[in-house]
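Engineer: One structure follows; several queries about it will come next.
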Amino acid sequence: MTQADIGLIGLGVMGENLALNIADNGYKVAVYNRTASKVDAFLESAGDLAGNVMGSGDLAAFVGMLKAPRSVIVMVKAGEPVDAVIAELRPLLEKGDVIIDAGNANYHDTVRRFAELDGSGIGFLGIGVSGGEEGARHGPSIMVGGSQAEWKNAEAVLTAISAKFDGEPCCAYLGTGGAGHFVKTIHNGIEYADMQMIAEIYGVMRDGLGMSASECAKVFNDWNAGPLDSYLIEITGHVLDAVDEASGQPLVDIILDSAGQKGTGRWSAIEALNMGVSATTIEGAVAARSISSMKTERIEGEKLYGAAAKGKATISLETLEKALLAGKIAAYAQGFAVMAKASEENGWNLPLDVIAKIWRAGCIIRSRFLDQISQSFASGTAANLLTQPAFVELMKECNGALRAVVATCAVNEMPAPCLSSALAYFDAYRQANGTTNLTQGQRDFFGAHGFKRIDREGDFHHKWPSLVAK
Ligand code: NAP
């Protein structure tokens, strides 16, 4: 048998599907897994694709199956397992080969691994792969960062297996070091915010307007044919429409309201905070999942303060749709602003228009909306999305709806952490004369931190009265 075009280590859900996707695209793929029986099972189940797959439960034999220069995708559990695999693999590779970590790595780990391999002649790529199991099998969005020279080894295969939007591949090299995994992290942060805002709008429908799950489903299905058209809106309709076989109830009504999180949303918020970029809507989404997990305390809280009145809101579905669009623009503006700042700090030169392009298909936040974002960044500067002409028009049209929904939530005691933070971000972004002049005065009072003046250049300090008790 001829040698494989690419190797893949880790036959978990993602690895297995990526390997089948590679084989389906006409490339030969060799596989290896720590538990060797999974390799045999994979090869036996390959069916029509058997001619394009090979593998071994022995790592050296697996490496021997690869065409040089070798490309090896590592798709194992993120964290220490990735370091363990790299340590075993490294002595078996040669100059010009490349290791590709395709898991959900913390980008700081990617930066470290990249540095550890730097100078060895073996390249290292950290690639963000989005789209879950189905994306891995039929076309994910692939965000590439790391060794640019060795990227050439794997470019044809990874481009071929990626999702396509209007024929264009959703795969691109974005920058050196941890750029790919950083962009994937922010993708997930935006995903958290997008999902939470959808949940808040569903809350207004359910609690404020007293709508049933199937009535809500119909609205989301209709919205999917308009400006909110996206994978997340589409699956929302399906989730709300599903019926539990055992009880005959809408499935959503019997799913516990306690959301899990694996870390990428939190990492997005942490990176934004560390760089001093405002990403309040992403932070709000992470916090919303955290408070959702405090079910017992929330039950006690409702006993203490009473339940919010239900079915008392008066707001139109059209207003809800526009509010969601406005909130979404603010959340995406924050995510792109975080990436712009990280690009500057790390010298990545991240192409924001290309990032929006490769998110148009394959990934969880895929939507037509990203096509608009891509066009805006391609034609303008890399400034905040809120300053891009197409989005200025949309925000002018929709911010009133966002304001109305946030006010409705406040009056009717419905939490809307993401929608309200999106509105606050927008209002702060367009307020020329803010209120931190007072904050600066306070800081100078207690810490002599100094302040700048609006009428003169330089740093100033005021002689404040002493409040020490006499
Ligand atoms: P997973 O459950 O995270 O990992 C399973 C694979 O990791 C198995 O092949 C397992 O080998 C291997 N593994 C675990 N510890 C190992 C170690 N110490 N040394 C060597 N191999 C080890 O699988 P997954 O869900 O397919 O995810 C893979 C990666 O993709 C993760 O980083 C995940 O976060 C990321 N990801 C997942 C999704 C998703 O929807 N699931 C989406 C995007 C990205 P054994 O069979 O021997 O245990």
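The values are calculated or read from the model by the stated rules, or taken from the named source; none is laboratory data. Predicted model only: the values in this text are computed from it and were never measured. Backbone-built Cβ (ideal geometry, glycine too); neighbour counts: all protein chains shown. Note: accessible area is taken over every heavy atom of the protein model, side chains too, but ligands, DNA and RNA are not part of it. Shrake-Rupley method; radii C 1.70, N 1.55, O 1.52, S 1.80 Å.
Engineer: I'd like to know if segment 48-60 contains one or more residues that are within 15 Å of the ligand (Cβ to nearest atom), at pLDDT 95 or above and within 15 Å of E155 (Cα to Cα). Break it down stepwise before answering.
Structural biologist: To start, the set of residues in segment 48-60 that are within 15 Å of the ligand (Cβ to nearest atom) comprises 55-59.
Within this subset, residues satisfying the condition of being at pLDDT 95 or above are 55-59.
This time we only want the ones that are within 15 Å of E155 (Cα to Cα), so: none.
So far as segment 48-60 goes, no, none of its residues is within 15 Å of the ligand (Cβ to nearest atom), at pLDDT 95 or above and within 15 Å of E155 (Cα to Cα).
Engineer: Still on this structure: For segment 1-12, which positions are open to solvent by less than 10 Å² (accessible area, probe 1.4 Å), within 16 Å of the ligand (Cβ to nearest atom) and out of contact with any helix residue (DSSP H, G or I) (no Cβ under 7 Å at 6 or more places or on another chain)?
Structural biologist: Residue satisfying the conditions is G10 alone.
Engineer: If I ask for residues that are modelled with pLDDT under 95 and assigned to a helix (DSSP H, G or I), which ones from segment 351-370 would you list?
Structural biologist: The one that is modelled with pLDDT under 95 and assigned to a helix (DSSP H, G or I): F369.
Engineer: Let me ask something else about it. Please state which of the following conditions S71 fails to meet, knowing it meets all the rest: (1) away from the ligand (no atom under 15 Å from the Cβ); (2) over 23 Å from D5 (Cβ atoms).
Structural biologist: Unmet for S71, out of (1) away from the ligand (no atom under 15 Å from the Cβ); (2) over 23 Å from D5 (Cβ atoms): (2).
Engineer: Here's another thing I want to ask about it. Of these, A246, A313, which one is without any contact (Cβ under 8 Å) to a residue 60 or more places away in the chain, over 27 Å from K77 (Cβ atoms) and of a type in the set (G, A, S)?
Structural biologist: A246
Engineer: Something else: Looking for whichever is within 22 Å of Y173 (Cα to Cα), away from the ligand (no atom under 13 Å from the Cβ) and not β-branched (V, I, T) here; the options are D109, D118. Which one fits?
Structural biologist: After ruling out the rest, the residue left standing is D118.
Each row is one residue, and each column tells you yes or no for (1) more than 15 Å from the ligand (Cβ to nearest atom); (2) in a helix (DSSP H, G or I); (3) buried (at least 21 other Cβ atoms within 10 Å of the Cβ).
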{"position": "M14", "(1), (2), (3)": "no, yes, yes"}
{"position": "A19", "(1), (2), (3)": "no, yes, yes"}
{"position": "V31", "(1), (2), (3)": "no, no, yes"}
{"position": "F62", "(1), (2), (3)": "no, yes, yes"}
{"position": "K77", "(1), (2), (3)": "no, no, no"}
{"position": "A84", "(1), (2), (3)": "no, yes, no"}
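Engineer: Filter segment 86-104 for residues that are assigned to a helix (DSSP H, G or I) and closer than 27 Å to F182 by Cβ and give the result.
Structural biologist: I86, A87, E88, L89, R90
Engineer: With the requirement that a residue be open to solvent by less than 50 Å² (accessible area, probe 1.4 Å) and farther than 21 Å from V63 by Cβ, what does segment 86-108 give you? Working first, answer last.
Structural biologist: Step one: filter segment 86-108 for residues open to solvent by less than 50 Å² (accessible area, probe 1.4 Å), giving 86, 89, 93, 96-103, 105-107.
Within segment 86-108, A105, N106, Y107 meet the criteria.
Engineer: List the pairs whose first member sits in segment 9-22 and is closer than 12 Å to G135 by Cα, whose second member is open to solvent by 10 Å² or more (accessible area, probe 1.4 Å) and among the basic types (K, R), and whose Cβ atoms are under 7 Å apart, counting only residues at least 6 apart or on separate chains?
Structural biologist: Once the first residue is closer than 12 Å to G135 by Cα and sits in segment 9-22, its partners that are open to solvent by 10 Å² or more (accessible area, probe 1.4 Å) and among the basic types (K, R) give N17/R137; L20/R137; N21/R137.
Engineer: Looking at I270, I299, which one is surrounded by fewer than 18 Cβ atoms within 10 Å (Cβ to Cβ), within 20 Å of Q334 (Cα to Cα) and out of contact with any helix residue (DSSP H, G or I) (no Cβ under 8 Å at 6 or more places or on another chain)?
Structural biologist: Answer to the check: I270.
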